[in-house]
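The values are calculated or read from the model by the stated rules, or taken from the named source; none is laboratory data. For clarity, every value in this text was computed on a predicted model and none was experimentally measured. Cβ placement follows ideal geometry from the backbone for every residue including glycine, while neighbour counts extend to all protein chains displayed. Accessible surface is based on the protein model in full, side chains and every heavy atom, while ligands, DNA and RNA are left aside. Shrake-Rupley method; radii C 1.70, N 1.55, O 1.52, S 1.80 Å.
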Amino acid sequence: MLKKIGVLTSGGDAPGMNAAVRAATRRAITLGMEVVGVRRGYAGLISGDFIPLTINSVGDIITRGGTMLQTARSERMKEPAGQREALAQAAAAGIEGLVVIGGDGSFRGALKLTQQGLPCIGVPGTIDNDIYGTDNTIGFDTAVNTCLDAIRKIRDTATSHNRTFVLEVMGRHSGWIALAAGLGGGAESILIPENPIPMDEIIARLKRGAERGKKHSLIVVAEGVGDGIAIGKEIEAKTGFDTRVTVLGHIQRGGSPSAVDAMLASRLGARAAELLYEGKGGLFVGEVAGELGTQPLENVFDKTKGVSRELVDLAETLSI
Ligand code: ADP
Ligand code: F6P
C-alpha cells in the first residue's frame with residue numbers, strides 16, 4: 001500500500017477542481033494514506049512546492065471555483081530534465097503516487113511520470129469537455145451554465161434593440177461549449193470547428209429570420225473557429241443588420257461549480273485515490289453513461305472525443 005500520495009491541478013483551471021482535490025484527499029486519508037498538495041501544477045512539483053492536505057484543510061472548498069492548489073503551465077515539465085527534477089522532488093518528499101487533475105496536456109505529463117516510476121491517475125478537469133473516455137469533464141457544465149446566463153441577458157437587450165448578436169465562447173480546439181450553450185440557448189447558428197457552416201448559409205438564415213419577423217438573432221461562435229469580432233463585422237457588412245459582439249472570455253472558467261460538476265468531481269477525485277491505493281497507475285478515471293470507468297492515459301492522446309453528431313444535427317434542425 002502507498003503511504004503518501006500527492007494531488008495537483010494543472011493546465012487551465014475549471015470549476016469543480018477544488019471538489020476533486022477535496023474528494024481525493026479525504027478518500028485517501030480514509031484509506032490510510034497521507035496526502036500532500038502540490039502547488040502550481042508541475043511547476044510546483046519541479047520546485048518542491050508542497051503543502052500537507054488534511055481532512056480539515058480541504059474543508060469549505062467544495063463550492064469554490066478556481067483551485068486552492070493553484071495551477072500553472074510548465075514548459076520545463078515537457079523536457080526529460082524537468083521530469084527528472086519532478087521525480088526527485090516527489091521521492092524526497094515521500095510521494096509514492098500522484099492524482100493529476102487537468103486536461104490532456106496534464107495527462108501527458110502524468111504518463112511520463114508513470115513511465116519513470118511514479119504512478120499517476122488522471123482526473124479530467126477542463127471546461128472544454130474535449131477528453132476522450134468521459135462523457136463530461138469537470139467544469140464543462142458550469143461553463144455552459146455561465147454561457148446560458150449570458151445568452152439570457154443578451155437576448156433581453158437584443159430583442160429590445162432588434163439586434164443581431166455574436167457570442168464568442170471558449171474552446172480553442174473543441175466546439176463542445178458552443179454547441180451545448182447554443183443548443184440550450186436557442187442560437188440561430190452555432191459555429192464550431194467540427195461543423196463548419198459557410199458564411200452564405202449564416203447570412204441566408206439571418207435574412208430568413210428577419211423576413212419572418214424575428215426581433216433578434218444570436219450566433220454562438222467557438223473561439224477555435226476564429227475571431228468573433230471579425231465574424232460580427234462580416235455579418236453586419238453582408239446583412240446590413242445592426243450587430244454587436246460579446247466575447248465572454250475567462251468568466252467561463254470561474255464561479256462556483258454546478259451541482260453536476262461538484263458531484264462529478266467528487267466521484268472522480270475519490271476514485272482516483274482508490275486506484276492509487278489499489279496499486280494502479282497510468283490510468284485516468286471518467287464517467288460514461290453514469291458509470292465510473294478507467295482507461296489507459298494513452299487513450300486520451302490516440303482517440304478524439306469529437307462533438308456529438310446528434311446534437312449538431314439537432315441544432316441545425318431547430319435553427320431553421
Ligand atoms: P491542459 O492540461 O489543460 O490540456 P496544457 O496543455 O497547458 O493544459 O498542459 C498542462 C501542462 O502539462 C503543461 O504546462 C506541461 O507542464 C504539462 N505537459 C503538457 N504536455 C506535456 C508533455 N508532452 N510532456 C510532459 N508534460 C506535458
Ligand atoms: O482549456 C480551457 C481553455 O479555456 C480554452 O478553451 C482556452 O482557449 C484556453 O483555456 C485559454 O487559456 P489561458 O487563457 O489560460 O491560456
Out of segment 27-48, which residues are within 16 Å of ligand 1 (Cβ to nearest atom), surrounded by fewer than 24 Cβ atoms within 10 Å (Cβ to Cβ) and not in a helix (DSSP H, G or I)? R39, R40, G48
Kindly provide the set of residues from segment 32-67 that are on the phi > 0 side of the Ramachandran plot and under 21 Å from the mean Cα position of the chain (by Cα), ordered by number. R40, G41, G66
Give L314, L283 a once-over and let me know the one that is within 26 Å of L218 (Cβ to Cβ) and at pLDDT 95 or above. L314
Run down A72, A86, A24 and say which single residue is open to solvent by less than 20 Å² (accessible area, probe 1.4 Å) and under 15 Å from G102 (Cα atoms). A24
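For T137, indicate whether it is hydroxyl-bearing (S, T, Y), within 10 Å of ligand 1 (Cβ to nearest atom) and under 11 Å from the mean Cα position of the chain (by Cα).
yes
Here's the yes/no breakdown for (1) out of contact with any strand residue (DSSP E or B) (no Cβ under 7 Å at 6 or more places or on another chain); (2) assigned to a strand (DSSP E or B):
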| site | (1), (2) |
| --- | --- |
| H250 | yes, no |
| D261 | no, no |
| L264 | no, no |
| A272 | no, no |
| L276 | no, no |
| G286 | no, yes |
| T304 | yes, no |
| D313 | yes, no |
Unmet requirement for E274, which otherwise passes all of (1) in the same structural domain as L31 (by TED's automatic domain parsing); (2) free of Cβ contacts under 8 Å to residues at least 40 places away in the same chain; (3) of a type in the set (D, E): (2)
So which of I235, I219, I251, I231 is of a type in the set (A, V, I, L, M), without any contact (Cβ under 8 Å) to a residue 60 or more places away in the chain and under 20 Å from I154 (Cα atoms)? I219
Please tell me if T164 is hydroxyl-bearing (S, T, Y) and under 23 Å from the mean Cα position of the chain (by Cα). no
Quick test for you: out of D60, D130, D104, pick the one residue that is surrounded by fewer than 18 Cβ atoms within 10 Å (Cβ to Cβ) and assigned by TED's automatic domain parsing to the domain that holds G32. D60
